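S.K.: First the structure, which I've put down as structure tokens, then a few questions once you've had a look.
The values are calculated or read from the model by the stated rules, or taken from the named source; none is laboratory data. Computed from a predicted model, the values in this text were never measured in an experiment. No Cβ is skipped: glycine too gets one built from the backbone with ideal geometry, and neighbour counts run over all protein chains shown.
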Protein chains: 2
Amino acid sequence: MPESPFERILNARSIAFFGASNNPAKMGSMQMVHLVQDDFKGRVWPIHPKEKEVMGRPAYARVEDLPEVPDLAVLVLPTQIVPEMLEACGRKGIRRAVIISGGFRERGPEGRRLEDQVVEIARRYGIRFVGPNCVGVIHAARNFNITVYPYTLGSGPMGLLSQSGTYVTQVLMYVARQGIRYSQAVSLGNEADLDMVDGIEYLGQDPETKAIALYIEGIGRGRAFLETARRVSLKKPLVAYYVGGTEAGARSGASHTGKMGGNDRIHDHLFRQCGVLRAPSVEALYDWAWALATTPIPKGDRVAIISHSGGPVTSMADACARLGLKVPTFSPKTQAAIAPMLPPTGSTANPVDLTYNRNPGAMTGGIPKAVFASGEVDAFLIHGLGGMSGSGVVGASAAATIGLSPDQIKAFAELSNQGLIELKQDLSCPVVISTFSDPTDAGVSHAMRHDIPVYPTPERAASALAALVRYGRWRAGQKVAQA
Amino acid sequence: MPESPFERILNARSIAFFGASNNPAKMGSMQMVHLVQDDFKGRVWPIHPKEKEVMGRPAYARVEDLPEVPDLAVLVLPTQIVPEMLEACGRKGIRRAVIISGGFRERGPEGRRLEDQVVEIARRYGIRFVGPNCVGVIHAARNFNITVYPYTLGSGPMGLLSQSGTYVTQVLMYVARQGIRYSQAVSLGNEADLDMVDGIEYLGQDPETKAIALYIEGIGRGRAFLETARRVSLKKPLVAYYVGGTEAGARSGASHTGKMGGNDRIHDHLFRQCGVLRAPSVEALYDWAWALATTPIPKGDRVAIISHSGGPVTSMADACARLGLKVPTFSPKTQAAIAPMLPPTGSTANPVDLTYNRNPGAMTGGIPKAVFASGEVDAFLIHGLGGMSGSGVVGASAAATIGLSPDQIKAFAELSNQGLIELKQDLSCPVVISTFSDPTDAGVSHAMRHDIPVYPTPERAASALAALVRYGRWRAGQKVAQA
């Protein structure tokens, strides 16, 4: 298979950067600053008509003056001069670009004319590019971030392709609270050249990326999407949030990125045909993709539910039933095996309700291990991680009450989580967690660092697990069909 | 109407507390400690067989020895001695109790026998009680909290009646992140005496409570629920999360609080008949009830959407269409009125996409005020509050970039929000917000303190607004039907 055009963009070793200056409030400066401040190992060449130096790097008045041909040009420029500058890049021999600038097709006929001109220049020079009208790209493991937002979450297993820049950058404040980390993320913008299909092809081959989240306002190449997504989804889960299926959504998308949305049912059918899980919201998009990126795929749909809270296990059981998952009553043998790990007030049948925590490792290790060994279930939902520390209303109080220091709490939380990590790593057991505690809690942040998926409510954990089960069914069915 | 039995429980001025000691790790101690530490103005009388003093308060060996007849007894005792102690309360003349202790009906035949005994004693003495098997009650404005969790959120307009203690207490860590505050909250436990219907009657009359959230595993008195909820829902919104409608949910609920769940469709019909909005999850329960408790009811279903992010407005528009809300294109006159407040790249049609923020008050004041004055819409969805400060990944960086101090950021955030507060208070305009920033952001926490409902994703804001519209339709329809 030929190398993806994205390869040299996301792995660029040298970059010509247009539009950064020494004024930190300028868009271009905010987009280049991370290349300077973060530990990016490539070479960065600012192109600026007047400055001799930008952020401590020697600046060049014209791209033609650069001492080498960079792998990539990044353009954060007024719309009108983008064609001219891209042409200069072409003459220099640059063959990849990210065009951040907006004001093209999404802004009417004059913008469309300019975008056509950009495409014509790119074709002439063999330049493949992302954008225009995007916020850039992130390759976390390389500290390569040309968006306006700092990316401080570290490298993770979830890839992201988005027709909205907000869902790459602004959303970082949101995904950080769930411990979500990107492998690589691309804001596709107007997709005048490289599009969602190219992105799926690229991330489909990326070994760091274990699942791919897609935010879609409109699909330009339906047939190619179908073929590529179907091929990739056999080895790697794809989750799509499509917002162009209603009149209001399509109209909004058209003025956002110039995308044409279309019939909701046709898109629903398209996603089904190629094994793409369709998420109903931004929340589900990240929730599901993160579970799929981090968690072993269940072999079936039988779920064990464990908590020390009766309300959340009941919410989980009800949600599972609505989502088509089974919550089987455990055999007497399995109930007898776990009974010694529960206080006398507990329930052993499934859901397992400990009522209170006598042994910190029981809920997150001893009980699920014994149940998994029985072969009676395929996956686990556990509610109530953490709660011993953190900024939550109870944290400080509970810690003070039992007289533990912050270090002791941290050690205790990590010990409590040891079972979860063994379940995942040694037993390939699918476990999805929910908790009302947040990542300021040592137990929660520890689980998140180990790629255990943690959700803020019982039903969201159940919904993420149901996505894992549906993906498992798709892959099993497709493999059978191909055999 | 006779005084509700809950009245003297949640407004108790003197309390006999059974089960607290000087060992802070004991359940009873954790439940009494807030009455001692918080600014509760009533008298607290610990009853303890051995201690002379509990948490600095003089303790009494027997309730009979108290110098007065307290309004309320709180029992956090081993199951077996609950009947005897309740009988002693009865002899003393106490007529209200909260029985925290578990081990009753939810634990099989022997527990059921004990619970029957408790009910018999209570009837004999005319004692009305909450529980058993509950975590207690909270009356925020009185600093009256007898749960194990500290309640530090302050008093708010949302009432809560829950058949799970977790959804009163553990969930505080979760609701705090959305700025949700209780007026009064009751963990109903096994409902051996006072039940959900009594609670609805009571909170229905409480002037501090503007909407009531219900967590339901099973409804004991269907007819009474229907009649009471229908009457209360005409003046005050009710939102219910019912988890007993599936086999798995009903089974789990039975071993949790001994509740019998039942047919999902019958319950669906029941809720519809009495104007109770049925929430599909814990998330929706709190999301909707908080919007209903804080926000004016829209007169119709026409929504304006405003943001500086194209992705979230498209998500909101698509979600609105799916939820049955209209997103009308503004008239040329209205578009002309708001155009001067947008940068040239912005969209004025609805959704309004500012693309970037030129004037901090435009999105949250100038634009919605001008649109609302047009009469073309009934409500607003706004995405993107805050983002200037807080612990989010971008906060510190953005603030440093524009060279503002934390105090300046706070003042700026509050100024930006002024329009939102005027819209709500002066114009009774329904506005629901979403943002990826969290309450550590000065702008977000300021809005939350002013009871502006703020959600973490665009679709959750849209879903909360749809709940407001549905409630408005119910109330309008019922008023017509009664006229």
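S.K.: Scanning for something closer than 20 Å to residue B:181 by Cβ, hydrophobic (A, V, I, L, M, F, W, C) and surrounded by 24 or more Cβ atoms within 10 Å (Cβ to Cβ), does region B:296-312 turn up at least one residue?
M.R.: Looking for residues that are closer than 20 Å to residue B:181 by Cβ, hydrophobic (A, V, I, L, M, F, W, C) and surrounded by 24 or more Cβ atoms within 10 Å (Cβ to Cβ), one finds none in region B:296-312, hence no.
S.K.: Suppose the filter is closer than 14 Å to residue B:306 by Cβ, away from chain A (no Cβ under 12 Å) and part of a loop (DSSP other than H, G, I, E, B); does residue B:359 pass it? Talk me through it step by step, then tell me what you get.
M.R.: On the way: closer than 14 Å to residue B:306 by Cβ: yes; away from chain A (no Cβ under 12 Å): yes; part of a loop (DSSP other than H, G, I, E, B): yes.
When the stated conditions are applied, residue B:359 passes them.
S.K.: I've got another one for you. Kindly provide the set of residues from region A:93-130 that are more than 14 Å from chain B (Cβ to nearest Cβ), within 21 Å of residue A:17 (Cβ to Cβ), surrounded by 22 or more Cβ atoms within 10 Å (Cβ to Cβ) and of a type outside the set (Val, Ile, Thr), ordered by number.
M.R.: Residues satisfying the conditions are A:96, A:97, A:122, A:129.
S.K.: For region B:149-167, enumerate the residues that are within 12 Å of another protein chain (Cβ to nearest Cβ), part of a loop (DSSP other than H, G, I, E, B) and of a type in the set (Gly, Ala, Ser).
M.R.: B:154, B:164, B:165
S.K.: Ok, one more. Looking only at region A:290-307, how many residues end up being in contact with a strand residue (DSSP E or B) (Cβ under 7 Å, 6 or more places away or on another chain) and more than 8 Å from every other protein chain (Cβ to nearest Cβ)?
M.R.: Restricting attention to region A:290-307, the residues satisfying the condition of being in contact with a strand residue (DSSP E or B) (Cβ under 7 Å, 6 or more places away or on another chain) are A:290-293, A:295, A:298, A:301-307.
Now restrict to residues that are more than 8 Å from every other protein chain (Cβ to nearest Cβ): A:290-293, A:295, A:298, A:301-304, A:306-307.
Residues in region A:290-307 being in contact with a strand residue (DSSP E or B) (Cβ under 7 Å, 6 or more places away or on another chain) and more than 8 Å from every other protein chain (Cβ to nearest Cβ): 12 in total.
S.K.: How many residues does region B:272-289 hold that are surrounded by fewer than 24 Cβ atoms within 10 Å (Cβ to Cβ), away from every other protein chain (no Cβ under 13 Å) and part of a helix (DSSP H, G or I)?
M.R.: 2
S.K.: In region B:63-104, how many residues are farther than 21 Å from residue B:188 by Cα and among the β-branched types (Val, Ile, Thr)?
M.R.: 2
S.K.: OK, next. Assuming residue A:183 fulfils every condition listed in (1) more than 12 Å from the chain's Cα centre (by Cα); (2) surrounded by 24 or more Cβ atoms within 10 Å (Cβ to Cβ); (3) among the polar types (S, T, N, Q) apart from one, which condition is it?
M.R.: (1)
S.K.: Looking at region B:252-262, can you tell me whether even one residue there is of a type in the set (A, V, I, L, M, F, W, C) and closer than 25 Å to residue B:416 by Cβ?
M.R.: Going through region B:252-262, the residues of a type in the set (A, V, I, L, M, F, W, C) turn out to be B:254, B:260.
From the residues that got through so far, the ones that are closer than 25 Å to residue B:416 by Cβ too are none.
The answer is no, given that none of the residues of region B:252-262 is of a type in the set (A, V, I, L, M, F, W, C) and closer than 25 Å to residue B:416 by Cβ.
S.K.: Search region B:23-38 for residues being more than 23 Å from residue B:84 (Cβ to Cβ) and of a type outside the set (A, V, I, L, M), and hand back the single one that is modelled with the highest pLDDT. Break it down into steps so the answer makes sense when it comes.
M.R.: Pass one, region B:23-38, residues more than 23 Å from residue B:84 (Cβ to Cβ): B:24-25, B:30, B:33-38.
Then keep just the ones that are of a type outside the set (A, V, I, L, M); that gives B:24, B:34, B:37-38.
Values: B:24: 83, B:34: 93, B:37: 90, B:38: 88.
Looking at residues that are more than 23 Å from residue B:84 (Cβ to Cβ) and of a type outside the set (A, V, I, L, M), I get B:34.
S.K.: Suppose we keep only residues that are surrounded by fewer than 15 Cβ atoms within 10 Å (Cβ to Cβ) and among the acidic types (Asp, Glu) within region A:39-54. Which one would you say is modelled with the highest pLDDT?
M.R.: Of region A:39-54, the ones surrounded by fewer than 15 Cβ atoms within 10 Å (Cβ to Cβ) are A:39, A:41, A:49-50, A:52-53.
Narrowing further to those that are among the acidic types (Asp, Glu): A:39, A:53.
Numbers: A:39: 89, A:53: 95.
Taking the candidates together, the pick is A:53.
S.K.: Looking for whichever is farther than 23 Å from residue B:264 by Cα, assigned by TED's automatic domain parsing to the domain that holds residue A:424 and more than 23 Å from the chain's Cα centre (by Cα) here; the options are A:306, A:266. Which one fits? Write out each step before concluding.
M.R.: Working: A:266 fails: assigned by TED's automatic domain parsing to the domain that holds residue A:424.
Going through A:306, A:266 in turn, the sole match is A:306.
S.K.: Of the residues that make up region B:32-51, is at least one closer than 16 Å to residue B:132 by Cα and among the charged types (D, E, K, R)?
M.R.: Looking only at region B:32-51, we keep the residues that are closer than 16 Å to residue B:132 by Cα, and these are none.
Scanning region B:32-51 turns up no residue that is closer than 16 Å to residue B:132 by Cα and among the charged types (D, E, K, R).
S.K.: Given the options B:138, B:146, name the one that is more than 13 Å from every other protein chain (Cβ to nearest Cβ), hydrophobic (A, V, I, L, M, F, W, C) and either closer than 25 Å to residue B:253 by Cα or touching a residue at least 40 places away in the same chain (Cβ under 8 Å) (or both). Can you show your working first?
M.R.: On the way: B:138 fails: more than 13 Å from every other protein chain (Cβ to nearest Cβ).
Within the list B:138, B:146, the selection yields B:146.
S.K.: With respect to residue B:46, is the statement that it is within 32 Å of the chain's Cα centre (by Cα), within 17 Å of residue B:23 (Cβ to Cβ) and in the same structural domain as residue B:9 (by TED's automatic domain parsing) true? Don't jump to the end; show me each part of the working.
M.R.: Working: within 32 Å of the chain's Cα centre (by Cα): yes; within 17 Å of residue B:23 (Cβ to Cβ): yes; in the same structural domain as residue B:9 (by TED's automatic domain parsing): yes.
When the stated conditions are applied, residue B:46 passes them.
S.K.: Just a yes or no: is a residue in region B:322-340 more than 7 Å from chain A (Cβ to nearest Cβ), under 24 Å from residue A:78 (Cα atoms), more than 36 Å from the chain's Cα centre (by Cα) and not aromatic (Phe, Trp, Tyr)? Step through it out loud before you land on a result.
M.R.: First pass over region B:322-340, keeping only residues more than 7 Å from chain A (Cβ to nearest Cβ): B:323-326, B:328-340.
Right, trim to under 24 Å from residue A:78 (Cα atoms) and you get B:339-340.
Within this subset, residues satisfying the condition of being more than 36 Å from the chain's Cα centre (by Cα) are B:339-340.
Add one more test, that the residue is not aromatic (Phe, Trp, Tyr), and what stays is B:339-340.
Looking for residues that are more than 7 Å from chain A (Cβ to nearest Cβ), under 24 Å from residue A:78 (Cα atoms), more than 36 Å from the chain's Cα centre (by Cα) and not aromatic (Phe, Trp, Tyr), one finds at least one in region B:322-340, hence yes.
S.K.: Sticking with this one: For region B:1-106, list the strands (runs of 3 or more DSSP E) that sit wholly inside it and hold at least 3 residues that are aliphatic (A, V, I, L, M) and on the phi < 0 side of the Ramachandran plot; which are they? First the steps, then the outcome.
M.R.: Working: elements: B:14-18, B:43-47, B:72-75, B:96-99.
Ranges flagged: B:72-75, B:96-99.
S.K.: Among the residues of region A:260-271, is there at least one that is farther than 13 Å from residue A:214 by Cβ, touching a Lys or Arg at 6+ places or on another chain (Cβ under 7 Å), more than 8 Å from every other protein chain (Cβ to nearest Cβ) and surrounded by fewer than 24 Cβ atoms within 10 Å (Cβ to Cβ)? Quick ask: steps written out before the conclusion?
M.R.: Within region A:260-271, the subset farther than 13 Å from residue A:214 by Cβ is A:260-266, A:268-269.
Checking which are touching a Lys or Arg at 6+ places or on another chain (Cβ under 7 Å) leaves us with A:268.
With more than 8 Å from every other protein chain (Cβ to nearest Cβ) added as a condition, the list becomes A:268.
Add one more test, that the residue is surrounded by fewer than 24 Cβ atoms within 10 Å (Cβ to Cβ), and what stays is A:268.
Within region A:260-271, one or more residues are farther than 13 Å from residue A:214 by Cβ, touching a Lys or Arg at 6+ places or on another chain (Cβ under 7 Å), more than 8 Å from every other protein chain (Cβ to nearest Cβ) and surrounded by fewer than 24 Cβ atoms within 10 Å (Cβ to Cβ).
S.K.: May I pose another question? Residues that are under 21 Å from residue A:288 (Cα atoms) and surrounded by fewer than 18 Cβ atoms within 10 Å (Cβ to Cβ): does region A:233-241 have at least one? Write out each step before concluding.
M.R.: Residues of region A:233-241 that are under 21 Å from residue A:288 (Cα atoms), as a first pass: A:233-241.
If we keep only those that are surrounded by fewer than 18 Cβ atoms within 10 Å (Cβ to Cβ) as well, we get A:234-235.
Scanning region A:233-241, I find at least one residue that is under 21 Å from residue A:288 (Cα atoms) and surrounded by fewer than 18 Cβ atoms within 10 Å (Cβ to Cβ), so the answer is yes.
S.K.: Still on this model: Cβ-Cβ below 7 Å, separation at least six or inter-chain, first residue in region B:171-184 and within 12 Å of chain A (Cβ to nearest Cβ), second charged (D, E, K, R): which pairs?
M.R.: Correct list of pairs: B:173/A:438; B:177/A:438; B:177/B:438.
S.K.: Within region A:251-258, identify whether any single residue is charged (D, E, K, R), more than 8 Å from chain B (Cβ to nearest Cβ) and over 16 Å from the mean Cα position of the chain (by Cα), and answer yes or no. Let's see the steps before the verdict.
M.R.: We begin by selecting, within region A:251-258, every residue charged (D, E, K, R); these are A:251.
When the remaining residues are screened for being more than 8 Å from chain B (Cβ to nearest Cβ), the result is none.
Scanning region A:251-258, I find no residue that is charged (D, E, K, R), more than 8 Å from chain B (Cβ to nearest Cβ) and over 16 Å from the mean Cα position of the chain (by Cα), so the answer is no.
Table: residues versus (1) of a type in the set (S, T, N, Q); (2) farther than 24 Å from residue A:457 by Cα; (3) without any contact (Cβ under 8 Å) to a residue 40 or more places away in the chain.
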site	(1), (2), (3)
A:252	yes, yes, yes
A:281	yes, no, no
A:289	no, no, no
A:293	no, no, no
A:320	no, no, no
A:330	no, yes, no
A:349	no, no, yes
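S.K.: Identify, from the list A:32, A:27, the residue that is over 29 Å from residue A:204 (Cβ atoms) and buried (at least 23 other Cβ atoms within 10 Å of the Cβ). Working first, answer last.
M.R.: Values: A:27 fails: buried (at least 23 other Cβ atoms within 10 Å of the Cβ).
The unique qualifying residue is A:32.
S.K.: Follow-up question, since we're still on this one. Of the residues that sit in region B:341-356 and are of a type outside the set (S, T, N, Q) and assigned to a strand (DSSP E or B), which one is modelled with the highest pLDDT?
M.R.: Only one residue fits best here, namely B:352.
S.K.: Now for a different question. Looking at region B:407-432 only, could you name the residues that are modelled with pLDDT of 90 or more and buried (at least 17 other Cβ atoms within 10 Å of the Cβ)? Step through it out loud before you land on a result.
M.R.: Step one: filter region B:407-432 for residues modelled with pLDDT of 90 or more, giving B:417-432.
The answer is B:417, B:419, B:420, B:421, B:423, B:424, B:429, B:430, B:431, B:432.
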